[in-house]
Structure formats: C-alpha cells, structure tokens
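Trainee: Following this message is one structure expressed as structure tokens.
The values are calculated or read from the model by the stated rules, or taken from the named source; none is laboratory data. What you see is a predicted model; the values in this text were computed from it and never measured. Using ideal geometry, Cβ is built from the backbone for each residue, glycine included, and neighbour counts are taken over all protein chains shown. These accessible areas exclude ligands, DNA and RNA; they are computed on the full protein's heavy atoms, side chains included. Shrake-Rupley method; radii C 1.70, N 1.55, O 1.52, S 1.80 Å.
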Amino acid sequence: MRKLLLISIVLIVGLIFASRLFYLQIYDTSFQKLSENNAVKTEFIYPQRGYVFDRNGKLLVANQPSYDVMVIPRNVKSLDSLELCDLLKIPKEEFTKILKKSWVYSPRLPSIVIPQLTKGEYAYISEKMHKYEGFYIQKRSLRDYQVTHSANVLGYIAEVNDQNIAENPYYQMGDLTGKQGVEKQYEEILRGVKGVKYIQKDRFNRDIGPYKEGLYDTLPERGKDITLTIDETLQKYGEALMKNKRGGIVALEPATGEILSLITAPYYDPSLLVGRERSKNFTKLWYDTISRPLFDRGLKGEYPPGSPFKTLTALIGMQEGVVDAEEKIRCYGGYKYGRNKLLGCHHHKTPLAMVAGIANSCNAYFCTVYKRIIEKYPTPQEGIDNWKNHLSSFGLGNYLGYDLPIGNRGLIPNSDYYNRAYNYPKYKWYASATISNAIGQGEVLLTPIQMVNFTAAIANRGWYYKPHILKNIVDVDTIPKVYTEKHVTTIDKEYFEPVVEGMFDVYSNGTASHIQIPGIEICGKTGTAENYIKIDGERFQLTDHSVFVAFAPKDNPKIAIAVFVENGYWGSRWAGRIASLMIEKYINGEITRTDLESFVLNGSLEEEYAKPYSGIPFTINH
C-alpha cells in the first residue's frame with residue numbers, strides 16, 4: 001500500500017510538472033513575446049491628421065511637419081549628458097527628470113524628450129543624434145491653422161496624459177490627442193490609425209533589418225477630413241465686432257440646426273497653442289482670470305436672458321389659455337406686486353395687446369400673463385412645474401446635446417427649487433415671489449446657445465433640430481441621427497404668429513427700429529439684464545448686460561442669432577447692432593449700415609470691465 005502511494009505521488013507530481021512545461025512552452029507565448037521585445041524594436045508611424053473645412057469648403061486646419069526627440073530608456077548607454085543637454089538646449093536637471101519619468105513609464109517603450117522641433121532644429125540635431133544610443137528622432141505632424149480666429153471651435157491638440165493612456169490602449173506616452181473643440185469631439189475620426197514597423201536587432205542591440213521581413217508591419221491610415229457647419233467669413237467678422245468686448249454670439253440655420261457662427265470674446269489665435277511655446281502660452285491664457293479667454297461664453301456663460309424671454313412667456317400664456325393675442329393689458333409705469341412693490345417699466349402707450357407688448361417690451365403685460373400661468377393651477381408648485389415643462393420643450397434648463405465637448409445647463413427653476421429657497425414645503429409661496437421670471441430675470445439663467453435655440457424654434461413656428469457643428473465626414477454619407485431628428489415644442493403652431501409679428505414690430509416701430517437693415521425683414525427682441533458682482537462680500541450693481549435675439553427673413557428664415565455683450569448698457573446699443581450686422585453680412589455678403597459697423601468696430605467696453613478692479617467707486621451708466 002505504501003509503495004502504491006509513493007508511486008501515485010510521483011506520478012501526480014510528474015503530471016503537474018509536465019502540464020506546466022506544456023503550458024509554458026506550447027500554450028503560453030508571453031516568454032516568446034518577452035524574448036522578441038528584447039530583440040525587436042517597435043517604431044510607430046504617425047498618420048496625417050484629417051483636415052478641417054468650413055461649410056463653403058475653405059480650409060481651416062491643415063498639418064505641418066514636426067519632429068520629436070525620443071528615448072527608449074533601456075537602450076541608453078553611457079553618454080556625455082552635458083553635451084547632449086547642450087545640443088538639446090535643456091538644463092541637466094530637466095534632462096534627468098525626463099529620463100526618470102521615461103523609466104517609470106516603460107523601459108522598453110519610447111518616450112518624448114523634446115517635442116516639436118522646428119525644421120532648423122531638426123536639421124542641426126539629426127546630424128549628431130547617432131552619437132547617443134537609445135535616442136532617435138520621430139517624425140509626426142502638428143496642426144497648421146489657416147485662420148487666426150475660431151480657437152474655441154477648433155480646439156487644439158496636446159500630449160496625452162496618464163488618464164488618456166489608462167482609458168485608451170491606442171495611446172502611448174508622447175502621443176497627441178484633441179483637447180478642446182472639434183479636435184476633441186471628433187478625435188477618433190481626425191487622428192487616423194498609427195502604422196507600426198518592427199525592426200530586428202542583433203545581440204549588440206544594432207538594427208539589422210525588418211523583423212520577419214516586415215510580415216507584421218502596418219501602414220498608417222490617414223485621418224478623415226471633416227466639414228464644419230461654420231461660415232468662416234461670418235465667424236471672422238463676428239470676432240472683429242466683439243473686439244474689446246466680452247460675451248458670446250451664436251448663429252444657427254433654423255431649418256437644420258447647423259451652427260453658422262460660435263464666438264466667444266475675448267478670444268485668441270489658435271496658433272498660440274501649437275509648437276514648443278504651447279505650454280507657456282496656455283499657462284498665460286489659463287491664468288488670465290479676469291478676461292478668461294479660455295472660457296467659452298457662447299456655450300458655458302450662464303446669464304439672465306432678460307426681455308427676449310418675454311416671447312416664451314407669451315407663448316406659454318396662449319397655450320395655457322390665460323391670454324389671447326387680442327387682449328389688452330394696462331401698464332401704470334410698471335407692475336405692482338407684493339406689498340406695494342413696483343417692477344418698473346419704461347414709457348409707452350397703454351393698454352397694449354400682445355404684438356405691441358412685445359414690440360414695446362412692456363414689463364406689466366408679461367408679469368400679468370406670468371401670474372395667470374402660475375395661478376391657473378391649485379398650487380403655485382403645480383403652476384411652476386407646468387411652466388418649466390413648456391420651457392424644457394425648447395431645450396432650456398438642460399444640456400442641448402450639441403456636438404461640442406463643453407457646456408452648461410442654465411437654470412429653469414421648478415417647485416422643489418423654490419420650496420428649498422423659501423423653506424416652505426407646502427403651498428405658502430405665490431406667483432409674486434417668482435414674478436421676475438416673467439421678464440427673464442429672477443432665477444432664470446440661459447446660455448447664448450440656448451437663447452439662439454429657442455429663437456430658432458420661434459422662427460420655425462414650433463420645432464428645432466439640435467444645434468451641431470459637423471456638416472459631413474469625407475467618405476461617410478450621414479451625420480449622427482441625433483442631429484436630424486426634429487424636436488417639437490409643447491406650443492401649438494397657431495400661437496407663434498402673434499409672437500413673430502411682435503418680434504417683427506420690434507424692428508419696424510419698436511425698441512430696435514433705429515437698427516433696421518434695408519431690404520431684410522428681421523424679427524428680433526432687445527433685452528437688458530441686470531448685472532451684479534460681489535466685492536469683499538458686498539453686492540454691487542454694475543452696468544447692465546446687452547442682450548439681443550433675432551432671425552431673418554421673417555418667412556423661411558436663413559439665420560437665427562443670439563448676442564450677449566457683458567456690461568453693454570441696453571439691448572440695442574451693442575448686442576442689437578452686432579446682430580443686425582451679422583445678419584446682413586450672412587444674407588447679403590456686404591454691409592450697407594456702415595454707421596452701425598463703425599460704431600461697433602471702433603467701440604470698446606474695456607473701461608467698464610476695469611471698474612471693479614480700479615479701486616475707484618463706480619456708478620451705473622445708462
């Protein structure tokens with residue numbers, strides 16, 4: 001029995017060893033790969049990144065050659081580091097730090113030592129690089145911007161970080177990826193696919209030719225070209241109009257949701273974020289916390305929309321059946337609410353029906369309509385939630401779903417918001433507590449792209465497509481389906497005509513009559529939004545924001561636009577003029593209202609922006 005047990009143990013151990021040897025020698029190829037890694041060098045061939053064009057075929061972004069000094073740490077032999085540092089023009093401390101980081105990343109994989117050499121630097125350094133084992137020069141391409149505008153739209157490319165590498169095995173240390181704008185949103189389309197070349201090495205670590213005669217080598221696949229919906233001419237003109245101002249402009253084609261122009265101000269030249277100066281320039285832009293040129297005000301700026309919001313109050317009022325277009329409402333210099341509080345209004349004829357109410361921007365008219373909307377229901381909570389549901393159908397209070405990687409939701413408050421704000425879980429607050437919502441003040445916040453979206457919905461008489469910036473991809477027939485699905489608002493089509501007529505009268509005989517464009521029927525709405533700032537915990541009122549929304553022509557509109565100019569006094573002074581000029585530029589291609597153009601191009605609001613930081617007491621200018 002003992003003999004049998006001993007034989008059994010020997011057989012079992014033998015089987016275990018045999019199985020393990022079989023696994024290691026036949027099934028598991030990891031040691032073979034490790035051996036190959038020691039004898040084979042992997043070189044990546046970087047593809048050309050796809051070009052970017054505007055809607056009319058104008059080239060916006062191309063490529064230019066770039067050269068990176070690379071290192072494979074385990075291949076580095078003894079070297080004169082001071083001589084190499086002098087050649088690369090970097091301090092030895094920085095060189096040592098780079099090598100340590102490369103070892104941590106991978107001894108066998110290449111890492112960047114010096115990125116983005118110029119042609120002159122490449123010619124000089126490449127002649128001497130053979131002296132330094134483990135170092136070589138990798139050719140790739142950088143972006144070559146053909147325009148000096150649209151940095152917020154185009155974005156930029158930069159070296160991947162640890163998170164990018166962890167999330168996507170495609171990337172290796174030193175690779176470039178899109179970081180903002182179109183470059184980030186359509187990275188996988190634009191970047192192409194890297195090619196790979198395997199080089200056989202001998203026992204002295206010298207290159208001796210392609211591994212297995214190039215059997216496993218692959219060629220790079222060039223990135224696809226894309227066409228944007230942006231109109232380059234309009235974009236350039238809009239940035240010129242916003243010089244020395246802060247704010248955002250967004251223009252859409254109402255019939256498609258295509259973004260014609262997306263401007264933030266202040267802005268910067270996209271070429272600043274290319275080449276070896278990129279890091280220094282980015283740091284400078286990042287730490288400009290006063291003008292914030294990296295902050296896209298068109299997508300992220302959340303502002304009270306002011307009087308343009310009155311058009312939505314009118315639409316909801318008609319849909320809810322609490323007012324019709326013919327009913328006239330009196331204005332006694334404003335709207336009285338609460339304990340003899342007055343929400344003031346400027347002088348105009350009274351009483352007013354809806355069309356005249358929009359044209360003259362009567363606060364009393366829209367506060368009355370809003371009060372009826374909220375009080376139609378048994379509780380203000382139900383009224384507010386119903387009001388919010390209508391606004392949500394215009395894409396407000398949430399992300400619109402456009403194809404750019406940044407944005408903010410804005411704010412359309414609901415009953416939960418006010419229950420918390422007033423600390424009343426039951427039915428203790430009333431329409432008067434939220435009356436400022438009627439005129440686009442109060443708690444309501446919108447981004448400029450949300451403002452232009454609801455304007456496009458009005459222009460279309462009740463529907464819109466999600467705003468998007470991609471027009472097409474080369475060799476791809478369609479864009480994502482989400483941008484070709486029609487979204488219909490909760491407002492019946494019949495109720496849009498009085499609002500459109502009111503917006504038309506804003507230009508013909510209302511608050512924007514002095515900025516008409518000959519030959520173009522424009523529908524618009526001026527707005528003035530209150531503007532506050534906190535200084536050392538104390539709240540100060542600054543000069544009001546200038547707001548304007550418009551579309552043109554009145555029938556079959558080709559463009560809808562929202563303009564927001566911070567500290568711009570009142571709606572038609574800055575935002576209205578800019579909107580009129582942008583519309584004329586897009587529809588007619590030339591400017592006839594040179595008086596408006598001269599005012600805007602030569603005007604500056606820099607003194608307004610400096611007031612809070614000057615240390616001098618300031619007053620509101622009107």
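Trainee: Please work out how much length the chain gains when fully extended from ALA421 to TYR399, using 0.36 nm per residue of separation minus the C-alpha to C-alpha distance, in nm with one decimal.
Mentor: 5.6 nm
Trainee: Share of the stretch 84-127's accessible area from carbon and sulfur, percent, 1.4 Å?
Mentor: 58
Trainee: Here's something else I'd like to know. Counting other Cβ atoms within 10 Å, which trypsin sites (Lys or Arg not before Pro) in the stretch 170-271 have at most 10 and lie in a DSSP loop?
Mentor: The qualifying sites are ARG203, ARG206.
Trainee: Further question: Could you tell me the calculated FRET efficiency between LYS128 and ALA166, based on Cβ-Cβ distance and R0 = 41 angstrom, to the nearest 0.05?
Mentor: The formula returns an efficiency of 0.70 here.
Trainee: Turning to a different aspect of this structure: Remind me, relative contact order of the chain in percent, using alpha carbon pairs under 8 angstrom and six or more residues apart?
Mentor: After rounding, I find 13 percent.
Trainee: Let me ask something else about it. Calculate, for the chain, the solvent-accessible area per residue in square angstrom, rolling a 1.4 angstrom probe over the heavy atoms of the protein chains.
Mentor: Heavy-atom SASA per residue in the chain reads 48 Å².
Trainee: I'd like the distance separating the alpha-carbon centroids of the stretch 294-311 and the stretch 485-540, in whole Å.
Mentor: 12
Trainee: For the chain, with only Lys/Arg (+1) and Asp/Glu (-1) charged at the beta-carbon, what is the dipole magnitude about the Cα centre, in debye rounded to 20?
Mentor: That gives the chain a dipole magnitude of about 1720 debye.
Trainee: Specify which residue in the list PRO518, HIS468, SER572 is farthest towards the positive end of the charge dipole of the chain, using unit charges on the beta carbon of Lys, Arg (+1) and Asp, Glu (-1), about the Cα centre.
Mentor: About the Cα centre, the residue reaching furthest to the positive side is HIS468.
Trainee: Using amide H atoms built in the peptide plane, which far-off residues or other-chain residues are under 5 Å from GLY568 H to H?
Mentor: HN-HN under 5 Å from GLY568: HIS545, SER546.
Trainee: So, one more: Can you pick out the pairs among LYS179/LYS558; LYS41/LYS280; LYS101/LYS212; LYS139/LYS197; LYS388/LYS428; LYS245/LYS310 whose Cα atoms lie more than 22 Å from each other?
Mentor: LYS179/LYS558; LYS41/LYS280; LYS101/LYS212; LYS245/LYS310
Trainee: Roughly how tilted is helix 448-459, in degrees to the nearest 10 and between 0 and 90, from the longest Cα axis of the chain?
Mentor: Tilt of helix 448-459: around 60 degrees.
Trainee: Please state the shape class of the stretch 182-283: rounded when a/c is under 1.5, otherwise prolate if a/b exceeds b/c and oblate if not, all from the C-alpha gyration tensor.
Mentor: oblate
Trainee: Please state the relative contact order of the stretch 33-134 as a whole percent: Cα pairs under 8 Å, 6+ residues apart?
Mentor: It comes to 35 percent, rounded to a whole number.
Trainee: Against the longest alpha carbon principal axis of the chain, how many degrees, from 0 to 90 and to the nearest 10, is the axis of helix 577-588 turned?
Mentor: Roughly 70 degrees, rounded to the nearest 10.
Trainee: So if each residue of separation counts as 0.36 nm, and I subtract the Cα-Cα distance between LYS336 and THR148, what length gain in nm does that give?
Mentor: Working it through step by step, the gained length comes to 62.6 nm.
Trainee: Go ahead and run the numbers for FRET between GLU213 and ASN75, Cβ-Cβ distance against an R0 of 30 Å, rounding to 0.05.
Mentor: Given R0 = 30 Å and the Cβ-Cβ separation, E is 0.85.
Trainee: Hey, what do the phi angles of the stretch 320-333 turn into as Karplus ³J(HN,Hα) couplings, whole Hz, using 6.51/-1.76/1.60 and θ = phi - 60°, x for Gly and Pro?
Mentor: In residue order, the calculated couplings are 7, x, 9, 7, 10, 5, 8, 5, 9, 10, 7, 10, 9, x Hz.
Trainee: For the stretch 155-181 and the stretch 83-126, what is the centre-to-centre distance using only Cα atoms, to the nearest Å?
Mentor: Centre-to-centre (Cα) distance: 19 Å.
Trainee: Shape of the chain from its Cα gyration tensor (a ≥ b ≥ c, root eigenvalues): rounded if a/c is under 1.5, otherwise prolate when a/b > b/c, or oblate?
Mentor: Prolate.
Trainee: At most 16 other Cβ atoms within 10 Å and a DSSP loop assignment: could you name the chymotrypsin sites (Phe, Trp or Tyr not before Pro) in the stretch 366-418 that fit?
Mentor: TYR399
Trainee: Looking at the stretch 112-177, which trypsin sites (Lys or Arg not before Pro) are in a loop (DSSP not H, G, I, E or B) and have at most 13 other Cβ atoms within 10 Å?
Mentor: Loop-located and lightly packed - LYS128.
Trainee: 222 nm [θ] for the chain, helices only, -39500 (n - 2.57) per DSSP H run of 4+, per residue, to 500?
Mentor: That calculation yields -9500 deg cm²/dmol at 222 nm.
Trainee: Using 7 Å Cα-to-Cβ label points, what is the ALA62/TYR377 separation (nm, one decimal)?
Mentor: For ALA62 paired with TYR377, the spin-label model returns 5.8 nm.
Trainee: Quick check: the angle from helix 2-22's long axis to the longest principal axis of the chain, C-alpha only, nearest 10 degrees?
Mentor: 60
Trainee: I want to check the label-to-label distance for LYS101 and TYR287. Put each point 7 Å from Cα in the C-beta direction and report it in nm to one decimal.
Mentor: Modelled inter-label distance: 1.8 nm.
Trainee: Further, regarding this structure: As I understand it, the dipole of the stretch 291-405 uses +1 on the Cβ of Lys and Arg and -1 on the Cβ of Asp and Glu, about the Cα centre. Which of MET318, PRO351, THR379 lies farthest toward its positive end?
Mentor: Working it through, the farthest residue towards the positive pole turns out to be PRO351.
Trainee: Here's another thing I want to ask about it. Taking 8 Å as the Cα distance limit and 6 or more residues as the minimum spacing, I'd like the relative contact order of the stretch 381-443 as a percentage.
Mentor: Rounded, it is 28 percent for the stretch 381-443.
Trainee: Once you sort the root eigenvalues of the Cα gyration tensor of the stretch 277-342 as a ≥ b ≥ c, which label holds: rounded (a/c under 1.5), prolate (a/b larger than b/c) or oblate (the other case)?
Mentor: prolate
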